[in-house]
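Written below as structure tokens is the structure these notes are about.
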Amino acid sequence: MRLLVVMADCQFPLRAGSAIICFNNIRELSSRHIISLICCSKDCVEGRLALAGFAGEIICVNTKQVSSIKKTFYNAFSLILGIPVAVIMNRSSAMRRQVKAMTESGSFDAILLYDLSAIQYCPPSAYNKIVVNIEDPQSIRLERMRKLSIWSLREKIKLFLHEKMFRRYERSVLPKMAKVLLLSESDAQDLRSKEGYGNVGYVPYGVTGQGEALTLEARTSGMIVFSGNMFHPPNVDGILYFLEKIYSLVLMAYPVATLWIVGAKPDIRIHRAAAKFGNRVVI
């Protein structure tokens with residue numbers, strides 16, 4: 001089959017889970033299908049190099065960097081229109097023209113998207129070929145995140161508004177897609193029950209072992225590793241709960257335990273919560 005991958009931005013280097021999912025998908029599919037990729041990006045040299053062996057055709061549509069003034073305007077504009085700011089920020093008439101030209105050639109058997117923002121580039125005539133992998137529905141994700149204990153009232157109101165915008169946008173586009181893929185069966189069931197979508201499925205994470213990863217044998221006795229982007233609110237909430245409610249009990253039962261918190265940009269609250277444990281916590 002000939003597959004067209006449409007990306008709202010070039011997700012390289014592979015720092016986020018969404019980028020890793022996309023890369024592993026493309027790499028695996030390329031062993032059995034012909035892949036063409038088009039992305040909206042200022043510079044995707046690293047993406048070109050990473051995908052050179054997997055995608056036969058890579059097209060980067062150059063876009064201008066959005067200024068801070070425009071970002072403020074887009075945030076206000078998204079509230080007025082009820083359209084997620086991520087969608088507005090990624091608008092590109094050049095991408096729409098390029099994707100339209102490629103899809104109307106009729107040579108692609110399926111079109112793969114890896115985020116909601118990329119749907120806007122595709123003409124309605126191509127919807128019956130689109131498989132969109134959105135990992136987890138933003139409306140459900142924001143609804144769950146809003147219930148975390150780490151938020152102020154102001155932040156919860158902001159999350160509530162974004163949740164409503166995403167739910168409205170998802171309802172306007174997702175039922176029109178040929179298939180909507182999530183990461184878990186429970187998320188797929190939630191989306192079906194909440195919204196009644198009949199085109200929802202799920203594909204779990206695909207991972208490849210890294211030779212330089214810390215093996216079980218390389219860990220010291222009592223070593224506990226918590227890994228993830230440590231600015232991501234659910235991760236922050238989870239590790240704060242562990243430090244405040246659980247870790248003292250672990251140390252009482254196993255005094256030599258050491259907790260390693262490994263991830264990008266650790267929230268200042270993590271440092272504060274870990275301070276009382278001294279060298280029993282490594283960040």
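Could you list all residues from region 9-68 that are of a type in the set (S, T, N, Q), at pLDDT 80 or above and in a loop (DSSP other than H, G, I, E, B)?
SER30, SER31
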Inset, instruction - Could you list all residues from region 241-276 that are at pLDDT below 95, open to solvent by less than 80 Å² (accessible area, probe 1.4 Å) and either assigned to a helix (DSSP H, G or I) or more than 22 Å from ARG219 (Cβ to Cβ) (or both)? - result: ASP267
Legend entry - Some residue of region 100-111 being touching a Phe, Trp or Tyr at 6+ places or on another chain (Cβ under 9 Å), closer than 27 Å to GLY17 by Cα and among the basic types (Lys, Arg): no
Inset, instruction - Please specify each residue of region 117-143 satisfying the condition of being more than 15 Å from the chain's Cα centre (by Cα) and in contact (Cβ under 8 Å) with a residue 60 or more places away in the chain. - result: TYR121, CYS122
Inset, instruction - Scan region 211-227 for residues that are farther than 13 Å from ILE270 by Cα, modelled with pLDDT of 65 or more and surrounded by 13 or more Cβ atoms within 10 Å (Cβ to Cβ) and jot them down. - result: ARG219, GLY222, MET223, ILE224
Inset, instruction - Looking at (1) touching a strand residue (DSSP E or B) at 6+ places or on another chain (Cβ under 8 Å); (2) more than 22 Å from SER193 (Cα to Cα); (3) among the basic types (Lys, Arg), find the lone condition where ARG154 falls short. - result: (1)
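The values are calculated or read from the model by the stated rules, or taken from the named source; none is laboratory data. Everything quoted here is computed from the prediction, not taken from an experiment. Using ideal geometry, Cβ is built from the backbone for each residue, glycine included, and neighbour counts are taken over all protein chains shown. Accessible surface areas use protein heavy atoms only, side chains included; no ligands, DNA or RNA. Shrake-Rupley method; radii C 1.70, N 1.55, O 1.52, S 1.80 Å.
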